[in-house]
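First the structure, in the form of structure tokens, and then the observations on it.
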Amino acid sequence: LCAENGVAQRVLSKVLAEIRPTPRDEQALKGFSERIIELLGKAFPKSEVDQISVEGSLAKRTWLRGREEVDVFAQFLPSVPKERMAKLTVGVASEVISSLGGVVKLRYAEHPYVEGIINGVRVNIVPCYRVEPGGWLTAVDRTPYHTRYVRSELSEEAADQVRLLKAFLHASGLYGAEIRVGGFSGYVSELLIILHDSFLKLIHEAANWRPPVVIDASKSVLDEKQREKFPSAPMILVDPVDVDRNAAAAVSLQKLSEFIILSKLFEARPSEAFFRAPPDAKMPQEPGMRSIVGILFGLRKARPPDVLWGEILSTGSGYETALRRHGFGVWRWEAWSDESKVMLLYELESLSLPQFYLHQGPEVHRPQALSFIHKHVGSRDTAAGPYVRGERLYAVKKRHVRTAADALSQATARGEVAVAADLKDELATAEILQDLETILQRVGEDREMHRFIVNFIGGLPPYITHLSE
Ligand code: CTP
Ligand code: MG
């Protein structure tokens, strides 16, 4: 165990040397954030904005080299109406970002904020209310308290352990609470290290987790009680700043399970590969026999990523339901988007189904038995029956939809796919890609889309890719 630990430690110090910002970078970034705060301080009226502060990973010393980001919060007095707060922030922040030569982006879903890219560094300017704990007025009012908590609990060395964890999660696509990812946020990463002391200790614990995972970071309330508060969450991490909140509410069962298996893999064979982007998947020799169908559609209007991905994921599972209803075995599906088009891919048991299927009716003693007979006898699509076999009624029925492509077209045309109304127009012109050959032809020059398809065919998550080499 000791020797293995030695190997792991060597891996971690090598990785850390790559992901820890240099003192010079750190100085530059801090100077830059101070300049922004100074400009914002001059532009916001003091009677409305009580304080302007650096929050996020820069304030907590947990950002990764190459992923620099400045999160600045304007803390408003609670007396300022929300509309005024939003309008003022958008106006002032856009002005300050532009004056520094930055490009402004406005793409928020629920809470207003302004994002800018200045000299390649992302700057988020976020309004919140300066309130006492428990008196939260918006979703981000806890943030200054989160920052304070992490700064008081996380030592310099432990901050580096957070960096290792974040890089580890990034490399495997598990980092981020946004809907597209459904993974671990920066704050969750910080809490996990605060609770387990080091990256290796956390990994050792996580390798033995079994969902639902309940961790009480507040150390004040019984686990059972907390679990009752969040009945369906796969992971419960009680927020020490607010015991009524699950800090890990965004973590999906999928991503939690991936983190568990990833921890087992790392423990068994520690390697730097777990912290790096995996090599591009290669197109397999003979992918032609696989039963893969796709849907491709363009987006005509822009939406915030969380809104778009909420719609993409619900549409994706709507098509899955439609395919199953038609009798197709759906093994898995995945979605891709570059925010101007969307592709959904499904791997099925088969692309087409037999002409006839066995329709199982009720047992003869059931009250519905007679209505089953009346419904199916003499019906145009009844090929045989209805008849009794054992104690049950059956009929052999003709299928109207035999191919997966037809099932998808029909689901689209009839509006059967439970999509957000917002996406309906764009889906109406969706292309149904009937097999893998069609999918590959359609991709053409789009490299990102091609990569998505090759990865889908391989079906290997990033953290298993390097084991297959
Ligand atoms: N935050 C929030 N609600 C969100 C997103 C973020 O309250 N939906 C707050 C969090 O408290 C976080 C801060 O905003 O501390 C900054 O968020 P983010 O940039 O996502 O996380 P960081 O901790 O800065 O991590 P990093 O930027 O390195 O990913
Ligand atoms: Mg940040």
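The values are calculated or read from the model by the stated rules, or taken from the named source; none is laboratory data. Since we're looking at a predicted model, the values are computed, not measured. Positions of Cβ are generated from backbone atoms using ideal geometry, with glycine treated the same way; all protein chains shown enter the neighbour counts. These accessible areas exclude ligands, DNA and RNA; they are computed on the full protein's heavy atoms, side chains included. Shrake-Rupley method; radii C 1.70, N 1.55, O 1.52, S 1.80 Å.
Using just the alpha carbons, could you tell me how many Å³ per residue the convex hull of the stretch 1-50 encloses?
Numbers: hull volume 5.2 nm³, N = 50.
Dividing the Cα hull volume of the stretch 1-50 by its residue count gives 104 Å³.
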- Query: Using unit Cβ charges (K, R positive; D, E negative) and no other charged atoms, how large, in debye to the nearest 20, is the dipole of the chain about its Cα centre?
  - Reply: 880 debye
- Across the stretch 221-304, qualifying lysine pairs (alpha carbons under 29 Å, at least 8 places apart or different chains) come out at 5
- residue 148/residue 425 FRET efficiency (R0 35 Å; Cβ-Cβ; nearest 0.05): 0.15
- Task: Could you size up the charge dipole of the stretch 114-183 around its Cα centre, putting +1 on the beta carbon of Lys and Arg and -1 on that of Asp and Glu, and report it in debye to the nearest 20?
- Result: 140 debye
- Message: Given a 1.4 angstrom probe, I'd like the percentage of the accessible area of the stretch 196-314 that is carbon and sulfur, rounded to a whole number.
- Response: 53 percent
- Message: As I understand it, the value is the acute angle between the Cα axis of helix 143-153 and the longest principal axis of the Cα atoms of the chain; what does it come to in degrees, rounded to 10?
- Response: 70 degrees
- Task: For the stretch 285-429, report the convex hull volume of the alpha-carbon atoms normalised per residue, in Å³, without decimals.
- Result: 150 Å³
- Item | Per-residue HN-Hα couplings for the stretch 114-125 [Karplus 6.51, -1.76, 1.60; θ = phi - 60°; Hz; x = Gly/Pro] | 10, 10, x, 10, 10, 6, x, 9, 6, 10, 10, 10
- Item | Dipole magnitude of the stretch 329-469 about its Cα centre (Cβ charges: Lys, Arg +1; Asp, Glu -1), debye to nearest 20 | 1120 debye
- Keeping every protein chain in place, order 425, 338, 239 by accessible area at 1.4 Å, biggest value first, i.e. largest first. 425, 338, 239
- Query: When the convex hull of the Cα atoms of the stretch 347-444 is projected onto a plane and the area is averaged over all directions, what value comes out in nm²?
  - Reply: 9.2 nm²
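Which whole-number percent gives the relative contact order of the stretch 269-380, counting Cα pairs below 8 Å spaced six or more residues apart?
Working: 96 pairs, mean separation 29.8, N = 112.
Computed value for the stretch 269-380: 27 percent relative contact order.
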- Item | Taking the convex hull of Cα positions in the stretch 159-263, its mean projected area over all directions (nm²) | 6.0 nm²
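Note down the net charge around residue 411, summing +1 for each Lys or Arg and -1 for each Asp or Glu among other residues with Cβ under 13 Å from its Cβ. Write out the running numbers ahead of the final one.
Working: positive: 324, 325, 414, 424; negative: 320, 406, 416.
Its environment carries a net charge of +1.
How much area per residue is accessible in the stretch 21-123 when the probe is 1.4 Å and only protein heavy atoms are counted (Å²)?
On the way: 5320 Å² over 103 residues.
Value returned for the stretch 21-123: 52 Å² of accessible area per residue.
So what's the net charge close to residue 57: Lys and Arg +1, Asp and Glu -1, counting the other residues with Cβ under 14 Å from its Cβ?
Working: positive: 20, 30, 60, 61, 65, 67, 122, 151, 163, 166; negative: 25, 26, 55, 68, 69, 71, 160, 190.
Result for the neighbourhood of residue 57: +2.
Would you calculate the convex hull of the Cα atoms in the stretch 249-352 and tell me its volume per residue in Å³?
Values: hull volume 18.2 nm³, N = 104.
It comes to 175 Å³ per residue, whole-number rounded.
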- Task: Report, for the stretch 1-144, the % of DSSP beta bridges that are antiparallel, rounded to 5.
- Result: 65 percent
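What percent does the relative contact order of the stretch 194-334 come to when contacts are Cα pairs within less than 8 Å and at least six residues apart?
Working: 100 pairs, mean separation 24.5, N = 141.
Computed over the stretch 194-334, the figure is 17 percent.
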- Task: Could you work out, for the stretch 137-220, what percent of all Cα-Cα pairs fall into each 5 Å distance bin, beginning at 0 Å and stopping at the bin that holds the largest distance?
- Result: 3, 13, 21, 26, 22, 11, 3, 0
- Note on the structure: With Cα coordinates, the longest principal axis of the chain makes an angle with the long axis of helix 447-458, in degrees rounded to 10, of 60 degrees
- Would you please give the residues with an amide H less than 5 Å from that of residue 215, counting only those at least 5 places away or on a separate chain, with H modeled from the backbone geometry? 236, 237, 238
- Integer Hz, Karplus 6.51/-1.76/1.60 couplings in order for the stretch 304-310, x for Gly and Pro: x, x, 5, 5, 4, 6, x
- Message: Checking the a/c ratio against 1.5 first, then a/b against b/c, what shape does the Cα gyration tensor give for the stretch 56-155?
- Response: oblate
- Note on the structure: The answer for residue 245, listing residues at least 5 apart or on another chain whose modeled amide H is closer than 5 Å to its amide H, is 239
- In the stretch 193-289, the trypsin sites (Lys or Arg not before Pro) that sit in a DSSP loop and have at most 14 other Cβ atoms within 10 Å of their own Cβ are 219, 282
- Query: Using alpha-carbon pairs under 8 Å, 6+ residues apart, how would you state the relative contact order of the chain in percent?
  - Reply: 12 percent
- Task: Compute log10 of I(q)/I(0) for the stretch 406-453 with the Debye formula, placing one identical point scatterer on every Cα and leaving out solvent, at q = 0.16, 0.22, 0.30 Å⁻¹, to two decimals.
- Result: -0.57, -0.87, -1.02
- Sum up the lysine pairs in the stretch 39-176 that clear both bars: alpha-carbon distance under 28 Å and a spacing of 8 or more or different chains. 14
- Report, in whole Å, the centroid distance computed from the Cα atoms of the stretch 259-310 and the stretch 17-77. 32 Å
- Item | 0 to 90° range, to nearest 10: angle between helix 156-171 axis and the chain longest Cα axis | 30 degrees
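Please pull out the direction-averaged projected area of the chain, using the convex hull of its alpha-carbon atoms, in nm² to one decimal place.
Details: hull surface 116.6 nm².
Answer in nm², one decimal: 29.1.
Please compute the per residue accessible area over the stretch 227-289 with all protein chains in place, 1.4 Å probe, rounded to a whole number of Å². Provide the component values of the computation, followed by the final result.
Values: 3450 Å² over 63 residues.
Heavy-atom SASA per residue in the stretch 227-289 reads 55 Å².
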- Calculate one ³J(HN,Hα) per residue across the stretch 325-332 by plugging θ = phi - 60° into the Karplus curve 6.51 cos²θ - 1.76 cosθ + 1.60, and present them in order as whole Hz with x for glycine and proline. 4, 7, x, 7, x, 9, 7, 6
